[in-house]
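Comments concern the structure below.
The values are calculated or read from the model by the stated rules, or taken from the named source; none is laboratory data. Note that the structure is predicted; figures quoted are calculated from it, not measured. Don't worry about glycine lacking a Cβ; one is built from the backbone with ideal geometry, like all the others, and counts go over all protein chains shown.
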Amino acid sequence: MPGVGPKTAQRLALYILKRPDAEVQALAQALLDAKQQVGLCRECFHLSAAPLCDICSNENRDRATICVVAESRDLIALEKTREYQGKYHVLGGVISPMDGIGPEQLTIQALVRRVSLQQIQEVILAIAPSVEGETTTLYLGQLLKPFTRVTRIAFGLPMGGDLEYADEVTLARALEGRRELF
């Protein structure tokens, strides 16, 4: 499993093997139930057990702003900040020709349809700054620019980071994303 190294996997396996059969059966059933019940929101493509996720069905969210992310885990990370109050759109990945992922494999057409039909004032692109992420960001920017304002999140230095240890791209992004202090 992603993020689980060999030692952690071994600890988990040994823990499960020591548990009573009923507990292991309950865990297995919970995993099967989650797999069967959780799907994708029909509007934003975030994980949801209902046709619309909690964010899309929340009338208090700003409907004029859409934040585009690659995966649901990115949406969850942004939600933890409690700073963004708009809607989202989950692409389901990034454009990666080397992996056989083109725009057709992502939810890009649904995003364009959504932006062109709704009164969206801004689309915020919050996609990680990798080669594939940059490709996806530029592609989306060109597609969406005719319909609305397109922005991207700023990238820069983490809190507590030292300038001397930052790479050139991170420092360049920090300079590009600067804003007025007062």
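Odds and ends about this structure:
- Of residues in segment 88-123 being within 12 Å of the chain's Cα centre (by Cα) and closer than 19 Å to D62 by Cα, the one surrounded by the fewest Cβ atoms within 10 Å (Cβ to Cβ): V90
- Applying the condition of being surrounded by 14 or more Cβ atoms within 10 Å (Cβ to Cβ) and over 19 Å from the mean Cα position of the chain (by Cα) to segment 144-170 and asking which residue is farthest from D62 (Cα to Cα) yields A166.
- Within segment 53-70, tally of residues that are farther than 11 Å from K87 by Cβ and either buried (at least 18 other Cβ atoms within 10 Å of the Cβ) or touching an Asp or Glu at 6+ places or on another chain (Cβ under 6 Å) (or both): 2
- Pair list, Cβ under 6 Å, 6 or more apart: segment 31-47 residue within 24 Å of Q118 (Cα to Cα), other residue buried (at least 19 other Cβ atoms within 10 Å of the Cβ) and small (G, A, S): C41/S48; H46/S72; L47/S72
- Condition check for Y84: modelled with pLDDT under 95 and within 20 Å of P129 (Cβ to Cβ): yes
Table: residues versus (1) modelled with pLDDT under 90; (2) among the polar types (S, T, N, Q); (3) under 16 Å from T65 (Cβ atoms).
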site	(1), (2), (3)
V123	no, no, yes
A126	no, no, yes
G133	no, no, no
T137	no, yes, no
P146	no, no, no
T151	no, yes, yes
F155	yes, no, no
G160	yes, no, no
L163	yes, no, no
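- Odd one out for V94, checked against (1) outside any loop (DSSP other than H, G, I, E, B); (2) touching a Gly at 6+ places or on another chain (Cβ under 9 Å); (3) not small (G, A, S): (1)
- Residue in segment 1-24 that is modelled with the lowest pLDDT, counting only those that are in a loop (DSSP other than H, G, I, E, B) and surrounded by 10 or more Cβ atoms within 10 Å (Cβ to Cβ): V4
- The condition of being assigned to a helix (DSSP H, G or I), at pLDDT 95 or above and touching a Phe, Trp or Tyr at 6+ places or on another chain (Cβ under 6 Å) does not hold for L27.
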